[in-house]
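Each reported figure results from applying straightforward, stated rules to the coordinates on display, with no laboratory input. All values derive from a computational prediction rather than experimental measurement. Every residue, glycine among them, receives a Cβ derived from its backbone with ideal geometry; neighbour counts consider all protein chains shown.
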Number of protein chains: 2
Amino acid sequence: MVVRELDADRVFAALADATRRDIVTRVLRGEASVTALARCYEMSFAAVQKHVAVLERARLVTKERRGREQLVRGDITTVRAAGHLLEQFERVWAGRVERMHELLAEEAEGNPEGPS
Amino acid sequence: MVVRELDADRVFAALADATRRDIVTRVLRGEASVTALARCYEMSFAAVQKHVAVLERARLVTKERRGREQLVRGDITTVRAAGHLLEQFERVWAGRVERMHELLAEEAEGNPEGPS
DNA sequence: GTAACGTACAACCTCGTGGTTGTACGTGAG
DNA sequence: CTCACGTACAACCACGAGGTTGTACGTTAC
């Protein structure tokens, strides 16, 4: 397996919100309970809980029960998987540039073996 | 300027759709008109047009009029900017690991100058 | 045991998104 | 000039996202 299947739709959608990106940053720095996270933002506990749920479905965070608390921690592997997807765009783009160079080279050489 | 201000919300939201990611791939490989793109997908022209508009607002693509056509091309710099944002998550995560190592080191040394 | 805490979830509202069809307008070809 | 083409945009619909409040349930503290 490629470490794990990446649900690109869910991951990018989850990252498309400033609050959620902030939550990811916090729990990447160190685990935190849902209520501890909720205290950081000016919105209801339920709202934060939903954000965490979105991040969990995207596998950007994991939850682990400890006593009556639920500890949330960031999952760096999913972040990396998203980064790799972006790198694929880079490769596509680089490939296009390479093809352009080939064309230019052929023209400069007077198309010795180019298409008729 | 940091090359240009990245609107993370818009960029990630734009990337959170398979059709739009496919469009980005195509126009990163080589420019294409909106109708040419529309022919690639089983949805109305207007729908594809909207997707392109979303990508344009996120600056993932640029449009340039040529005659009666509108040429769409991918903007690799925005893709890179998004990648750099993901790398910031990596750094946060790495920083946490580093701090963990410091704590372990202090414990191993018997906390010669640690907190009372 | 009881009370407070941390969590989960349902119901509800509003707004943006992704799709449709229809219409209008500028440009290029014949 | 005329007509087809490429594009733009408005109106509409269905659905999910993001927020709220209220309620319920398990767990810890006292």
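Distance from the C-alpha centroid of the range A:8-49 to that of the range B:1-52: 27 Å, rounded to the whole angstrom.
Treating each Cα of the range A:8-75 as one equal point scatterer and applying the Debye formula with no solvent, the log10 of I(q)/I(0) at q = 0.24, 0.28 Å⁻¹ comes out as -1.03, -1.38. Based on Cα contacts under 8 Å between residues 6+ apart, the range A:1-62 shows a relative contact order of 39 percent. With a cut-off of 13 Å between beta carbons, the residues surrounding A:GLY74 carry a summed charge of +4, where Lys and Arg count +1 and Asp and Glu -1. The same position A:GLY95 in the other copies lies at 3.7 nm from this copy, comparing label points 7 Å beyond Cα toward the beta-carbon, shortest first. Remark: mean inter-chain Cβ contacts per residue of B:9-19 equal 5, using a 10 Å Cβ-Cβ cutoff to other protein chain atoms.
Residue of chain A with the smallest Cβ distance to the axis mapping A onto B, distance rounded to whole Å: A:PHE12, 2.
Summing charges over neighbours of A:ALA32, with a neighbour being any other residue whose Cβ is under 13 Å away from its Cβ, gives +3 when K and R count +1 and D and E count -1. Amide H to amide H distances under 5 Å link B:VAL61 with B:GLU56, B:ASP75, where only residues 5 or more positions off or on other chains count and H is placed in the peptide plane. With the label put 7 angstrom out from Cα along the Cα-to-Cβ vector, B:LYS63 ends up 4.2 nm from the copy partners, going from closest to farthest.
Among residues other than B:LYS63 with Cβ under 13 Å from its Cβ, the summed charge is 0 (Lys and Arg +1, Asp and Glu -1).
Sorted shortest first, the distances from the A:MET43 label point to those of the same residue in the other copies are 2.5 nm; each point sits 7 Å from Cα along Cα-to-Cβ. Among the GluC sites (Glu not before Pro) found in the range B:1-54, those both in a DSSP coil and sparsely packed, with 10 or fewer other Cβ atoms within 10 Å of their Cβ, are B:GLU5, B:GLU42.
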